[in-house]
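Working notes, beginning with the structure itself.
The values are calculated or read from the model by the stated rules, or taken from the named source; none is laboratory data. All of these numbers come straight from a predicted model, not from anything done at the bench. Please note: Cβ atoms are built from the backbone with ideal geometry, for glycine as well, and neighbour counts cover all protein chains shown. To get the accessible areas, we keep the full protein, side chains included, count just its heavy atoms, and leave off ligands, DNA and RNA. Shrake-Rupley method; radii C 1.70, N 1.55, O 1.52, S 1.80 Å.
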Amino acid sequence: MKHYTPARRIAAVFAALSVIVPPPAHLAAATQGQPAPKTTAPATSPPQPPSKPAATPPVQPAAKPAATAAATSAPAPVDGGWPRLHSLPDGSSFLVYQPQVATWSEWKHLVAFSAVSYRTKTAEKPAIGTIKFAADTKVALDDRLVSFQKLKIAEANFQTLDKEQVRQIVAEMEKGMPPDDRIIALDRVLANLNKSEIVPKNVEGIKADPPTVFFSKTPAVVMNLDGDPIWSPIKENDLKYAVNTNWDLFQHGPTSTYYLRNNDTWLKATDVKGPWSPAGTLPASFSKLPAEDNWKDVKANLPGKPIAASAVPKVFVSVAPAELVLLTGEPKYAAVQGTGLLWVSNTDSDLFRLGKTGSVYYLVAGRWFSAPDFTGPWTFATPSLPAEFKKIPLEHERSRVLASVPGTDQAAEAVLLAQIPQTARVNKKQTKAPEVAFQGDPKFTPIEKTTVQRAVNTDKDVFKVGDGYYMCYQGVWFVAKSASGPWEVAASVPEQIYQIPPSSPANHVTYVTVEKDDSDDEWVSFAAAAGYTGMMVAWGCTVWGTGWYYPPYWGYGGYYPYYYPHFPTYGYSAWYNPYTGAYGRSASVYGPYGGAGIGARYNPRTGTYARGAAAYGPYGARGVAQAYNPRTGAYGQTRQGSNVYGSWGSTSVQRGDDWAKTNRYTNNRTGTTTRTIRTDEGSAVTRRGSDGGRAAMGEGGNIYAGKDGNAYRRENGTWQKYDNGGWSNTDRQPSGADRPERASTSQPRTDRPADRSTVDQLNRDAAARSEGAQRSKDYSNYKSSGGSRSTGSYRGGGASRGGGGRRR
């Protein structure tokens, strides 16, 4: 007989979420009868970066899984691990097993089941039951954590306890339920989801015209220019520099010679398109560059290291965003296990071939292109990819490409992550708008298919709708009565703005919305989806950029030229990072400042440039960072993984995922001694507290909640059901010695075989729990390495060089 209690009474059951599980090393120590290491730190201490990155695991053959790190070196799960044990003041204990997600509606409301084990201070055996709960969720994408908000338990079932006992348990639990402990790893939730229920909302108007793709088997670089060179003078110097490229490109007036810095060497040419040769002795003008940060990198590499003519790389020059496929010598093919594909292993690019003489497939910016050979011509191929691509193993060194293969679980998850918004509450009175400066009088041009006009002669996203003016800055909307302000936080935005098409460089603002917030008139809530920072959904996948090229707005109106660029799709070798759900880039051959032809940032108020501001687009110095957010305003430095709202740095803007920064699960430190205890059945669980009291119960992670309300465990390949205080196989009726003793209650026996639908559900949940644990472990390894691991594989395979995966 099942006993159901009101949600308000049994909500305290989730107090068990307050327990932290130690790393596998602790569990291993307990298994061997050795004391577990102690962990003490303030409960809300922020995570500390490692003193130095962990070593990257060795590269494995393409067809084999990457080696698994030893348990003794494995970091703690990002969410603390499961199951979770909590001791109550009266000496009793509650253990909650990992939730089994049933539904996650619009990634905001979750329904799940959990097995629960309760034992009093004197009981020899625990009472095992199940709960069904619902909760609103908040997601911290940067930390890959999900928080349960407004949790309500709808059902509870403890066969060996009567209603009064359940009420008593709940009463005790209500006093000690810490709300900040209701956290689970995002990867555990994703592993539970039915991917067929994730429906991509493809954005109309996204383009997939192939970019110019250069190819080389010898050292080469690609210098992207945002149109023809725009030359800016340098005060009291006869050098000029190009403002519309992310390279250090100079023109020496007296000799009409061009100079290009390539890391610590210098090249020269008589034509900007080359050919380029060793520069030799640089003009004295270089030593007279202003003593400011704009020229710090240049001056640090003067006079430059000598370079032989034979060592000069090819310099491909393009006036539109272009890509480079660079091989180290002749193609090296590695068979992809279980497929007819060959992986081209000696390149940073994601490059495959269908047989040695078949078509070549190249993935960049989330789009597949195919060609009969490496030299092209290239055509868009995502909708017509061979089925072989869906068979690429997760352990392959470039399994990250699965996120860009329509119909795969990885593509569905990437779409899901792109649709989860980042949120913030903004104080209307305290939040100050940025300065808005125009080159001359404000100039607005119509946006096609809308009644909206866009300001073109400023570096801010400013719009005119009717008689009102709106600005989107760092994921927050502002409103004013004139283009010159004053600006204040907007409580609403005209619907016309959300009709801006991808053909406009302002399309990204359509991903920032005003959320309803009735809690306080002084605050407004905003949400920014990944499209705001450049990630779009198209062809059932998440891609980088709209595919449109937006020419810059520029001209000469004073001593310096004015230049207002836009963010291009190509020119980064942008690739998907499976550990962050964002795009990174291969930096080594695309320029020193992280752009794609976009160069220095122009300040219309002063008429000057900040060259250090050239860090636009996806950023990944080691090929591992989360996407650099070009709209955070942190133009003077290349931040890795900046949250849209993280750059405000003010209490007037409260990030919706700040809970993940201070929550104790983030660094697995509780401020008390953590002890690992052997259970009755040979498994280890973890409890919190230093009293050393007895709290062992249940099994480490092998108990599940059936949707029929019963608890189950997997034993010797067979599902067993918890029935009246004991376990019985679900495939036969227990009898004689196999039959557990019934508890002294009036409940009828329920020891009968489980129905097929329940067994199928348990099998799915068990597989998902295993997969989620592995994924959570992979992410913890990635985090513990300081983000220095290869991100070419979902299973951490491959060695990194720049973009990840390519061997030196």
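Quick one: what are the phi-derived ³J(HN,Hα) couplings along region 439-446, Karplus 6.51/-1.76/1.60 with θ = phi - 60°, whole Hz, x for glycine and proline?
7, x, 6, x, 10, 10, 10, x
Roughly to the nearest percent, how much of the accessible area of region 94-227 is carbon and sulfur, given a 1.4 Å probe?
That share works out to 49 percent.
Length gain on complete extension for the stretch Gln337 to Gln149, per 0.36 nm per residue less the alpha carbon to alpha carbon distance?
63.3 nm
Dipole size in debye (nearest 20) for region 468-531 around its Cα centre, Lys and Arg Cβ +1, Asp and Glu Cβ -1?
With Lys and Arg at +1 and Asp and Glu at -1, about 420 debye.
List every residue whose amide H lies under 5 Å from the amide H of Ala600, counting only residues 5 or more places away in sequence or on a different chain, with H placed 1.01 Å from N in the peptide plane.
For Ala600, whose amide H was placed from the backbone, the distant partners under 5 Å are Thr245.
Give me, ordered by chain and number, the residues 5 or more places off Thr257 or on other chains with an amide H under 5 Å from its own placed amide H.
Here the answer is His252, since their amide H atoms fall under 5 Å of that of Thr257.
Which order do the peptides 196-207, 353-364 come out in when sorted by mean C-beta neighbours inside 10 angstrom, highest first? Don't skip to the answer; put the middle values down first.
On the way: 196-207: 14.1, 353-364: 18.2.
Sorting 196-207, 353-364 by mean packing, highest first, produces 353-364, 196-207.
Please calculate how many Å² of accessible area region 68-150 carries per residue, with a 1.4 Å probe and no DNA, RNA or ligand atoms counted.
Accessible area per residue, region 68-150: 34 Å².
Tally up the carbon and sulfur contribution to the accessible surface of region 317-400 as a whole percent, 1.4 Å probe, everything protein left in place.
C and S atoms contribute 56 percent here.
For region 538-596, what % of the accessible area comes from carbon and sulfur atoms, probe 1.4 Å?
Solvent-exposed carbon and sulfur of region 538-596 make up 62 percent of the total.
Keeping all protein chains in place, calculate the accessible area per residue for region 375-449 (probe 1.4 angstrom), answer in Å². Let's see the in-between values first.
Values: 3320 Å² over 75 residues.
I get 44 Å² per residue for this part.
Mind ordering 541-553, 563-575 by average Cβ neighbours within 10 Å, highest first?
563-575, 541-553
For Trp719, Trp82, what's the largest-to-smallest order of accessible area, 1.4 Å probe?
Sorted descending by solvent-accessible area, the residues read Trp82, Trp719.
Please list Asp271, Asp187 in order of solvent-accessible area, largest first, computed with a 1.4 Å probe with all protein chains present.
Highest to lowest solvent-accessible surface, that is Asp271, Asp187.
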